[in-house]
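Enquirer: I'd like to ask you about the structure that follows.
The values are calculated or read from the model by the stated rules, or taken from the named source; none is laboratory data. Everything numeric here is computed off the predicted structure, so don't read it as measured data. Ideal geometry is used to build each Cβ from the backbone, glycine not excepted, and the neighbour counts take in all protein chains shown.
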Amino acid sequence: MSKSTKRIRVAAGERLLPVGELIFETDGRRETSMFRYDADWLENPEHFAIAPAMPLSETPFYHSGTRESPRSALPGPISDGAPDSWGRGLIRQTLRYAPTELDYLLTVDDATRQGALRYLGEDGRPLSQSCPPVPRLNAIEDLRQLAKAAESNPDMPREERERLMGSAGSLGGARPKSNIRDDDENLSIAKFTSDRDTMPIERAEVATLRLARAAGINAATARLELGNTDKPVALLKRFDRIGSGRVSYISGQSFIGAETATSAYYTDFSDALRAHSADPKGQMEELYRRILFTILVSNNDDHLKNHGLLYSGQDLWVLSPAFDINPQPQRRRHLETGISEFSGNEASIEAALEAAPFFETGRDAAAAMLSRMVSTIDAQWQTHCREAGMSGKEIAAYEPAFNHQETHFARHHAGKHKKST
């Protein structure tokens, strides 16, 4: 098969500031790309590196996809704006052919694309503007029905699939979801209950995000829609938008420059925050709080794609609000992102306490943090679950996620710390 080459102009924000050029090539078997910063961007006083692993320079950056990691055909911060498994499935079924990584990227609706990077055609206008306007909150039941049909009907009419594909945008994860504008015109993510669910996943996620905020974590704002039905929808406010403006966003994987979403440790993440974040000490402590919380609520989906960074100016980044924290009462407790090389992927409070100095957190401060957190979780997790509409039977089913060996250790350690102080 002959080689195909496409050139795409990369821009940023509503003003379409020129950032660089992406050259994508495929011969049908292998996909590669080259990104180079635009000379105007290098001279622009507002410029910044789109990821720490891609510093500003005239040097091109090359990437190549593999069978095991096809998305590595695009640079990390660009791949972050492409859809994940839910959106990719919609695109494959709509296009009726095997899309390239560039196809996935450019099929996403420009209006809802994650972050601030945008992709322009030869006429200088954003690509992928053919989708209908972002649906309003009053269309949420209709969107839920479309998502349900997409899961169960491979012969869903093309126009309906295209409508859902446009609203799904570059959203990550495997579960059905859509972008939507809420009553305040904020761009939000609607996560739908699946007919395959055996647990109240959307209710539990909203409850856990609220619990995280109560525990002192900067977590995404979440609420339920259709909460009085058996198919509730979790609504999470997008944090990569401020009014009509776009905020640059990259995943933890791109921030670290990791090859895959599970190929680094939290200590690597902490090192990157130390070098490239605003308020490094505060950011490392925030990351450490999230590690403790992840272990205590049995979240085992903490891979690097489920951590995000927002650009804060002066070539520095800050952690985005925490998201995709889902208690797993029925699964083996482990971490997708291990704490350190010493402890591996063990979901261990003891290992987290031992690693505290790597996160600019003293042992006493870590013990105090743990004590407050486990007390908050013990006191409030059932309340937040009830407020999210979970039944007594459902709350009981989730108890192993909040009451387990590591919480017992945390309570015991907290008691010893209180006695010593």
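Enquirer: From the list GLY124, GLY115, GLY173, pick out the single residue that is in a loop (DSSP other than H, G, I, E, B), at pLDDT 80 or above and under 23 Å from LEU235 (Cβ atoms).
Expert: The match here is GLY115.
Enquirer: It is to be established whether one or more residues within region 63-70 are within 22 Å of GLN253 (Cα to Cα), of a type in the set (S, T, N, Q), touching a residue at least 60 places away in the same chain (Cβ under 8 Å) and touching a helix residue (DSSP H, G or I) at 6+ places or on another chain (Cβ under 6 Å). Explain how you work it out, then say what you get.
Expert: Taking region 63-70 first, the residues within 22 Å of GLN253 (Cα to Cα) are 63-70.
This time we only want the ones that are of a type in the set (S, T, N, Q), so: 64, 66, 69.
Going one step further and asking which of them are touching a residue at least 60 places away in the same chain (Cβ under 8 Å), we end up with 69.
Add one more test, that the residue is touching a helix residue (DSSP H, G or I) at 6+ places or on another chain (Cβ under 6 Å), and what stays is none.
The answer is no; no qualifying residue exists.
Enquirer: Okay, moving on. Checking the conditions here, which among ASP109, ASP103 is surrounded by 16 or more Cβ atoms within 10 Å (Cβ to Cβ), within 24 Å of GLY252 (Cα to Cα) and without any contact (Cβ under 8 Å) to a residue 24 or more places away in the chain? It would help to see each step written out before you state the result.
Expert: Working: ASP109 fails: without any contact (Cβ under 8 Å) to a residue 24 or more places away in the chain.
Answer to the selection: ASP103.
Enquirer: Could you please let me know if SER85 is in contact (Cβ under 8 Å) with a residue 24 or more places away in the chain, hydroxyl-bearing (Ser, Thr, Tyr) and either crowded, with 17+ Cβ neighbours inside 10 Å or not assigned by TED's automatic domain parsing to the domain that holds GLU151 (or both)? Lay out the reasoning, then the answer.
Expert: Working: in contact (Cβ under 8 Å) with a residue 24 or more places away in the chain: yes; hydroxyl-bearing (Ser, Thr, Tyr): yes; either crowded, with 17+ Cβ neighbours inside 10 Å or not assigned by TED's automatic domain parsing to the domain that holds GLU151 (or both): yes.
Against the criterion (in contact (Cβ under 8 Å) with a residue 24 or more places away in the chain, hydroxyl-bearing (Ser, Thr, Tyr) and either crowded, with 17+ Cβ neighbours inside 10 Å or not assigned by TED's automatic domain parsing to the domain that holds GLU151 (or both)), SER85 qualifies.
Enquirer: Consider ALA82 carefully, then state whether it is out of contact with any strand residue (DSSP E or B) (no Cβ under 7 Å at 6 or more places or on another chain), outside any strand (DSSP E or B) and hydrophobic (A, V, I, L, M, F, W, C).
Expert: Spelling it out, ALA82 is indeed out of contact with any strand residue (DSSP E or B) (no Cβ under 7 Å at 6 or more places or on another chain), outside any strand (DSSP E or B) and hydrophobic (A, V, I, L, M, F, W, C).
Enquirer: Additional query: For region 283-327, what are the residues that are among the charged types (D, E, K, R), outside any loop (DSSP other than H, G, I, E, B) and under 22 Å from ILE377 (Cβ atoms)? Please lay out each step first, then the result.
Expert: Step one: filter region 283-327 for residues among the charged types (D, E, K, R), giving 285-286, 289-290, 301-302, 305, 315, 324.
With outside any loop (DSSP other than H, G, I, E, B) added as a condition, the list becomes 285-286, 289-290, 305.
Of everything in region 283-327, those that are among the charged types (D, E, K, R), outside any loop (DSSP other than H, G, I, E, B) and under 22 Å from ILE377 (Cβ atoms) turn out to be GLU285, GLU286, ARG289, ARG290.
Residues checked against (1) assigned to a helix (DSSP H, G or I); (2) in contact with a strand residue (DSSP E or B) (Cβ under 9 Å, 6 or more places away or on another chain); (3) in contact (Cβ under 8 Å) with a residue 60 or more places away in the chain:
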| position | (1), (2), (3) |
| --- | --- |
| ASP197 | no, no, no |
| ARG203 | yes, yes, yes |
| LEU209 | yes, yes, yes |
| LEU224 | no, yes, yes |
| THR229 | no, no, no |
| LEU236 | no, yes, yes |
| PHE239 | no, yes, yes |
| ILE250 | no, yes, yes |
| THR260 | no, no, yes |
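Enquirer: Which one of these does ALA220 not meet: (1) modelled with pLDDT under 95; (2) within 30 Å of ARG15 (Cβ to Cβ); (3) surrounded by 19 or more Cβ atoms within 10 Å (Cβ to Cβ)?
Expert: Every condition holds for ALA220 apart from (1).
Enquirer: Which of the numbered conditions does LEU310 fail, given that it passes all the others? Conditions: (1) within 21 Å of the chain's Cα centre (by Cα); (2) buried (at least 22 other Cβ atoms within 10 Å of the Cβ); (3) of a type outside the set (Phe, Trp, Tyr).
Expert: (2)
Enquirer: With the condition being aromatic (Phe, Trp, Tyr), I'd like the strands (runs of 3 or more DSSP E) fully within region 1-73 carrying at least 1 qualifying residues.
Expert: Working: elements: 4-12, 17-26, 31-37, 61-64.
Answer list for region 1-73: 17-26, 31-37, 61-64.
Enquirer: Restricting to region 384-398, count the residues that are closer than 16 Å to ALA222 by Cα and not basic (Lys, Arg). Spell out the reasoning first.
Expert: Going residue by residue through region 384-398, those that are closer than 16 Å to ALA222 by Cα are 384-390.
Restricting the remaining residues to those that are not basic (Lys, Arg) gives 384-385, 387-390.
Matching residues across region 384-398 total 6.
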